[in-house]
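The values are calculated or read from the model by the stated rules, or taken from the named source; none is laboratory data. The structure presented is a predicted model; accordingly, all values stated were derived computationally and were not measured. For neighbour counting, all protein chains shown are included, and Cβ atoms are generated from backbone atoms with ideal geometry for every residue, glycine included.
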Amino acid sequence: MAMFPPTPATVLQLRHVALSFGGVQALSDIDLDIAPAEIRAVIGPNGAGKSSLVNVVCGLYRPDSGRVRLGAEEFAHVPTQRLARLGVARTFQNLALFRGLSVRDNVALGCTGPQGSWVEQWADAPRARAARRDTAAQADAVLDFLGLQAVRERPASTLPYGLQKRVELARALAAAPRLLLLDEPMAGMTLSEKRDMAGLVRAARDRFGTAILLIEHDIGVVLGLSDRVAVLDHGRKIADGTPAEVRNDPAVIDAYLGVEHAGTEAEGA
């Protein structure tokens, strides 16, 4: 029996999720929800539990208790092998590109859909050829959208770091996800690259209606980009609300932001 009823206006729901490692509590009684086409950020100090939360949603970690609902399906442990079919894609803190492959081939790997059986692919059957054409068209559409067509044939390893992060975003978007998990997508970027990436994330949400769960350390970017922000500290959620509400929350200021952030405007993103 489901622990909580499905909510049509919700892409992701977490209820009472707890996770520990060797007696250390990584997450404690976490509730979180994301609406369609919402940019939902999770922030907090190092060790607050942000990446643990993402890994629970992706099924890499099995929570000690609680439930995760993706769309209409509810899980105690999300099956990683079903993520694409559940409409979930993600990027990683560290680049996870195939460095020897071209940009286009990296993005094509994110495309989902029927590819034909291995026999059909080996025999170059019409169904397999049609699937390859569809994949190429899908990849090219995403490359166009993110301004990567000019470098599509270059090996991913030859691109500047900021463009490699953009390729990783393109590969995730190629899966046409309902929910996109971005784990520190702007880590290591220059200010200009961060602004470009923030604009692309917002544009992806606006164009595709994708719900986005954003983990990011740059508070200016988070407060300028997100619709709602949840704040974790030592595995507990201490605040949840609009950027303005979170920015001025005394518990958040004390735990993370510092007085200098209170009442200030978010950095343009």
**Item:** Failed criterion for F75 (all others in (1) more than 17 Å from R90 (Cα to Cα); (2) surrounded by 14 or more Cβ atoms within 10 Å (Cβ to Cβ); (3) touching a His at 6+ places or on another chain (Cβ under 9 Å) hold)
**Value:** (3)
**Request:** For E153, work out the one condition from (1) surrounded by fewer than 16 Cβ atoms within 10 Å (Cβ to Cβ); (2) within 12 Å of T91 (Cβ to Cβ) it doesn't fulfil.
**Result:** (2)
**Prompt:** Can you name the condition, by its number, that M186 falls short on among (1) free of Cβ contacts under 8 Å to residues at least 40 places away in the same chain; (2) farther than 24 Å from R104 by Cβ?
**Reply:** (2)
**Prompt:** Just for region 242-269: of the residues that are assigned to a helix (DSSP H, G or I) and hydrophobic (A, V, I, L, M, F, W, C), which one is modelled with the lowest pLDDT?
**Reply:** V259
**Prompt:** Name the pairs whose Cβ atoms lie under 7 Å apart, with the first residue in region 31-44 and small (G, A, S), the second surrounded by fewer than 20 Cβ atoms within 10 Å (Cβ to Cβ), and 6 or more positions between them or separate chains?
**Reply:** A35/A9; A35/T10; A37/R205; A37/G209; G44/D233
**Asked** Going by the structure shown, is E168 of a type outside the set (S, T, N, Q), touching a residue at least 40 places away in the same chain (Cβ under 8 Å) and not assigned by TED's automatic domain parsing to the domain that holds A18?
**Response** yes
**Request:** Name every residue in region 216-229 that is within 19 Å of S52 (Cα to Cα) and either surrounded by fewer than 24 Cβ atoms within 10 Å (Cβ to Cβ) or free of Cβ contacts under 8 Å to residues at least 60 places away in the same chain (or both), in order of residue number.
**Result:** H217, D218
**Asked** Does R69 count as crowded, with 16+ Cβ neighbours inside 10 Å and either in contact with a Pro (Cβ under 8 Å, 6 or more places away or on another chain) or over 23 Å from L182 (Cβ atoms) (or both)?
**Response** yes
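Is it the case that N46 is part of a loop (DSSP other than H, G, I, E, B), under 20 Å from H217 (Cα atoms) and either at pLDDT below 95 or within 16 Å of the chain's Cα centre (by Cα) (or both)?
Values: part of a loop (DSSP other than H, G, I, E, B): yes; under 20 Å from H217 (Cα atoms): yes; either at pLDDT below 95 or within 16 Å of the chain's Cα centre (by Cα) (or both): yes.
For N46, the condition - part of a loop (DSSP other than H, G, I, E, B), under 20 Å from H217 (Cα atoms) and either at pLDDT below 95 or within 16 Å of the chain's Cα centre (by Cα) (or both) - is met.
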**Fill in**
How many residues of region 75-111 are of a type in the set (A, V, I, L, M, F, W, C) and part of a loop (DSSP other than H, G, I, E, B)? The answer is 13
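Just checking, how many residues over region 60-74 are outside any strand (DSSP E or B) and in contact with a Leu (Cβ under 7 Å, 6 or more places away or on another chain)?
Restricting attention to region 60-74, the residues satisfying the condition of being outside any strand (DSSP E or B) are 60-64, 71-72.
Keeping just the survivors that are in contact with a Leu (Cβ under 7 Å, 6 or more places away or on another chain) gives 61, 63-64, 71.
The qualifying residues number 4.
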**Fill in**
When region 170-195 is checked residue by residue, the ones that are over 9 Å from the mean Cα position of the chain (by Cα) and assigned to a helix (DSSP H, G or I) are A170, R171, L173, L191, S192, E193, K194, R195
**Asked** Could you say whether any residue in region 222-232 is touching a Ser or Thr at 6+ places or on another chain (Cβ under 7 Å), assigned by TED's automatic domain parsing to the domain that holds V54 and assigned to a strand (DSSP E or B)?
**Response** yes
